[in-house]
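Working notes, structure below.
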Amino acid sequence: MSEPGGRTFHERLMKVDRRLVYLFVLLALTVPLLSDFGMHPARMETAQMAFDTVEGLPAGDGKMAWLAMDWGPSTRAENEPQTQVVMEHLMRRRIPFCTFSITYQAEPFMNSLPEKVAADLNRENEAQGVAYRYEYGKDWCNIGYRPAATLFVRGLAKTKDVAGYIGVDARGTPVREIPCMSPVRTVRDFSLLAEFTGLVGAFQIWVQFFQTEDYVPKFIHGCTSITIPEAFIYLDSKQIQGLFEGVAGAAYYSKLIKGDRFDPVGHPDLATKFMMSLSLAHLVILGLIVVGNVGLWLQARAAKAKRGEGGRP
Amino acid sequence: MTDAWTFYTVFLGGVSTLAIYSFLYRENPFYRAFEHLYIGIATGLGMVTLLERWLWPKLLKPVLNVGAETYATPPQLVAQGADLTSAMPYNRWLLLYLVPVIFGLGYYTITSARYNWIARVVISFTLGYGGGLAFKGFFAEFIPQVVSSFKPLVVPNSLADSLNHVVFTATLVCVMTYFFFSFEHDKPGIRQASTSGRWLLMISFGAFFGATIMARMSLLIERLQFFIEQWFPNFQRLAGP
């Protein structure tokens, strides 16, 4: 069926400017961000496992969680919400944690993210008349970036004196003098390892070396969407006890932490907003795939008809 | 000062993002310039962070005995005016740190025709310990996965688990068959398993590709949120109330 200009519908369809496709996707991503509307995230078994793992940790036993923030600006979109919800969960449960990274690009986030979570929780406590205040040194400490990842992690797992091994935190304070770190002697004093990354090989370093012959801490992992299929191998072999499947995992985890306070309609949090955008963009992409395939099918049918091998004359 | 600093950093962040995304329209000098800028900044940041966070506090500061009193004295005692400098004598054994430093610097002799044998010693050492770590790491990572791949095909009282295990085992066998290149895949049974393995691989590649799209979208969302919550409000603040 020819149209004005001599080009058929399927020819026009197959020659849509790719920039138009970008524009559609851009609009689909932007609209949910501009609105304060969110939806309840879908249940994710893997995020539930991560939540149960953190929820199952004993609080007040002098043990800490080790948060490996092996991410930077390039994967911040997915790893930041994951890290943020785990920090919030640990703080709410009063389980101290330390932040650490094998990539230097995480430096600013290791400082700002726990500060932000603590400020939010402190505001919440004030509103509810709770006297407890979350503070650096008491609830968390920032070890900072260390080079030579494999050697450092292996040494950390083997040392009998974690404070001496680490030396000073990111602020230059001797780790021995940081209250939440003072009970820590060996890797056994870390009840949880939570690792968030989009870097190739970073996660494997922790799987391989953050353990001793007779002790492996509980391990949850936040990965970027690209590595989700690969991460399932480690979940299946029980090398990790929970998984964040990209930002979707963070959104569901956020719902689990907040419980009745979770209000995606009106007050969506960071992860929920991201999920709304992502969902709409996926629908647009699916639509475009269908349109593209219809175009291909029409083109093939037209070519077949032209050859006179079948179809309508 | 702080406001101006915030304005310019956020402004530059937005301009940089637009420059990189301008590639979607077409290749252009604006994109190319910011691409090089990004590489330069990333390299420079890495060097400075390494120096500031590691080499200086962990190596140079103790070895050179710079600021030893603040490094070793508990802050509360310093606050009380205690001078424990004399109580912390310089530890001469710290000079041993220089041995691996000098050894590592030997790598830079690689550009010298006369002394590049020193670099080869350093490289040999690196390969040696790298190989040892990889060997240990391989077993720690893969043995649990191999063990977990032996699954019971029938799980009592759980049809779903049984089905999962059957699918898992069939997939494992088919994909491994596809990667056996020691014999022709023309025998009955082998051929079907190999073909199935290829199809199953295609399905997994599809899953990877879908996940990749999701990841790329997430990155774009983060940038869009930056524009909505920081970049545009930045100009509103500049315009005033």
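No value in this document is a laboratory result; all are computed from the given coordinates. None of these values were measured; they are calculated from a predicted model. Quick reminder, even Gly has a Cβ in these numbers, built from the backbone with ideal geometry, and neighbours come from all protein chains shown.
So, in nm, how far is label B:S182 from label A:K158 when the simple model puts each one 7 Å beyond its Cα toward the Cβ?
With each label point 7 Å from Cα toward Cβ, the separation is 3.6 nm.
Spin-label point model (7 Å from Cα, Cβ direction): what's the A:D61 to A:V130 distance in nm?
The modelled label-to-label distance comes out at 2.2 nm.
Describe numerically, in nm with one decimal, the distance between label points set 7 Å from Cα along Cα→Cβ at A:M49 and at A:L26.
Taking the simple label geometry, A:M49 and A:L26 are separated by 4.0 nm.
If I take R0 = 25 Å and measure r between the Cβ atoms of B:T169 and B:F208 in this structure, what FRET efficiency does the formula 1/(1 + (r/R0)^6) give, to the nearest 0.05?
On the way: r = 22 Å, r/R0 = 0.87.
Once rounded, the FRET efficiency stands at 0.70.
For the pair B:L45 and A:R176, what calculated FRET efficiency results from E = 1/(1 + (r/R0)^6), where r is the Cβ-Cβ distance and R0 = 22 Å, to the nearest 0.05?
On the way: r = 29 Å, r/R0 = 1.34.
Between A:R176 and B:L45 the formula returns 0.15.
For Cα pairs less than 8 Å apart in space and 6+ apart in sequence, what is the mean separation divided by the residue count of the stretch B:91-148, i.e. the relative contact order in percent? Don't skip to the answer; put the middle values down first.
Working: 21 pairs, mean separation 11.2, N = 58.
Contact order relative to length: 19 percent.
Compare A:V86, A:V25, A:V54 in a GNM of chain A, Cα atoms joined below 10 Å, and give the one with the largest fluctuation.
Answer for the Gaussian network model of chain A: A:V25.
Given the Cα atoms of the stretch B:151-241, and with Rh set as the inverse mean 1/r over their pairs in the Kirkwood sense, what is Rg to Rh to two decimals? Spell out each step's value before the answer.
Working: Rg = 24.7 Å, Rh = 17.5 Å.
With Rg and the Kirkwood Rh in hand, the quotient comes to 1.41.
For Cα pairs less than 8 Å apart in space and 6+ apart in sequence, what is the mean separation divided by the residue count of the stretch A:219-293, i.e. the relative contact order in percent? Don't jump to the answer; show the numbers that get you there.
On the way: 49 pairs, mean separation 18.6, N = 75.
Result for the stretch A:219-293 is 25 percent.
Which GluC sites (Glu not before Pro) in the stretch A:188-266 sit in a loop by DSSP (not H, G, I, E or B) and have at most 11 other Cβ atoms within 10 Å of their own Cβ?
A:E213
Give or take rounding to whole Å, what are the principal axis extents of the alpha carbon atoms in chain A, in descending order?
85, 46, 32
How large is Rg over Rh for chain B, taking Rg from the Cα atoms and Rh as the Kirkwood inverse mean of 1/r across Cα pairs? Please list the in-between numbers first.
Details: Rg = 29.6 Å, Rh = 26.3 Å.
Rg/Rh: 1.12.
Quick one: A:R43, A:R154, fewest Cβ neighbours within 10 Å first, how do they rank? If you can, show how the numbers build up before the last one.
On the way: A:R43 10, A:R154 19.
Fewest to most other Cβ atoms nearby, the residues stand as A:R43, A:R154.
Using DSSP, restrict attention to beta bridges with both residues in the protein assembly as shown and report what percent are antiparallel, rounded to the nearest 5. Intermediate values should be presented prior to the final figure.
Numbers: 3 of 30 bridges.
Within the protein assembly as shown, antiparallel bridges account for around 10 percent of the total.
If I histogram all Cα-Cα distances within the stretch B:91-148 using bins 5 Å wide from 0, what percent of pairs lands in each bin?
Result, from short to long distances: 4, 16, 15, 14, 13, 12, 10, 7, 6, 3, 1 percent.
For chain B, list the DSSP H helices whose alpha carbon atoms reach 27 Å or more along the long axis and whose average Kyte-Doolittle value is -0.5 or above?
On the way: long enough: B:2-21 (28 Å, 0.92); B:29-50 (32 Å, 0.80); B:116-148 (47 Å, 0.92); B:159-178 (28 Å, 1.23); B:190-226 (54 Å, 0.70).
Helix filter hits for chain B: B:2-21, B:29-50, B:116-148, B:159-178, B:190-226.
Sort B:W54, A:W206, B:W5 by Cβ crowding within 10 Å, fewest neighbours at the top. Please report the intermediate quantities before stating the final value.
Details: B:W54 19, A:W206 25, B:W5 9.
Listing B:W54, A:W206, B:W5 from fewest to most nearby Cβ atoms yields B:W5, B:W54, A:W206.
Along the charge dipole of the stretch A:45-263, pointing to its positive end and built from +1/-1 on Cβ of Lys, Arg, Asp and Glu, which listed residue (A:G144, A:V86, A:I228) has its Cα farthest out?
Of A:G144, A:V86, A:I228, it is A:G144.
Let me have the relative contact order for the stretch A:45-263, percent, based on Cα pairs under 8 Å that are six or more residues apart.
29
What does the charge dipole of chain A about its Cα centre add up to, to the nearest 20 debye, if the Cβ of each Lys and Arg holds +1 and the Cβ of each Asp and Glu holds -1?
On the way: 34 positive and 33 negative charges, 215 e Å.
Here chain A has a charge dipole of around 1040 debye.
Kindly state, to the nearest 0.05, the FRET efficiency for B:F150 paired with B:S22, given R0 = 41 Å and r defined as their beta-carbon distance.
So, using R0 = 41 Å, E works out to roughly 0.20.
Using unit Cβ charges (K, R positive; D, E negative) and no other charged atoms, how large, in debye to the nearest 20, is the dipole of the stretch A:143-217 about its Cα centre? Please report the intermediate quantities before stating the final value.
Working: 8 positive and 7 negative charges, 31 e Å.
In total the dipole reaches around 140 debye.
So, with +1 on the Cβ of K and R and -1 on the Cβ of D and E, and no other charges, what is the size of the charge dipole of the stretch A:217-313 about its Cα centre, to the nearest 20 debye?
Taking the Cα centre of the stretch A:217-313 as origin, the dipole is about 520 debye.
With springs only between Cα atoms under 10 Å apart, run a GNM on chain B and tell me which of B:L159, B:L45, B:L201 wobbles the most.
Most flexible of the set in this elastic network: B:L159.
Can you give the translational diffusion coefficient of the protein assembly as shown in µm²/s, computed by Stokes-Einstein from the Kirkwood radius over Cα pairs at 10 °C and 1.306 mPa s?
Details: Rh = 27.5 Å.
For these conditions, the coefficient is 58 µm²/s.
Can you report the principal axis dimensions of the stretch A:46-143 using only the alpha carbons, biggest first, rounded to whole angstrom?
Result for the stretch A:46-143: principal-axis Cα extents of 39, 27, 23 Å.
Can you tell me which of A:D260, A:D61, A:D169 moves the most in a GNM of chain A? Springs connect C-alpha atoms under 10 Å apart.
A:D260
Checking the a/c ratio against 1.5 first, then a/b against b/c, what shape does the Cα gyration tensor give for the stretch A:88-202? The partial results should precede the final answer.
Values: a/c = 2.04, a/b = 1.53, b/c = 1.33.
Note, shape of the stretch A:88-202 comes out prolate.
Anything in chain A that counts as a DSSP H helix reaching 30 Å or more along its axis (C-alpha) with Kyte-Doolittle mean of at least 0.5? List them, would you?
Working: long enough: A:107-128 (33 Å, -1.00); A:270-307 (55 Å, 1.01).
Going by DSSP H runs, the hits are A:270-307.
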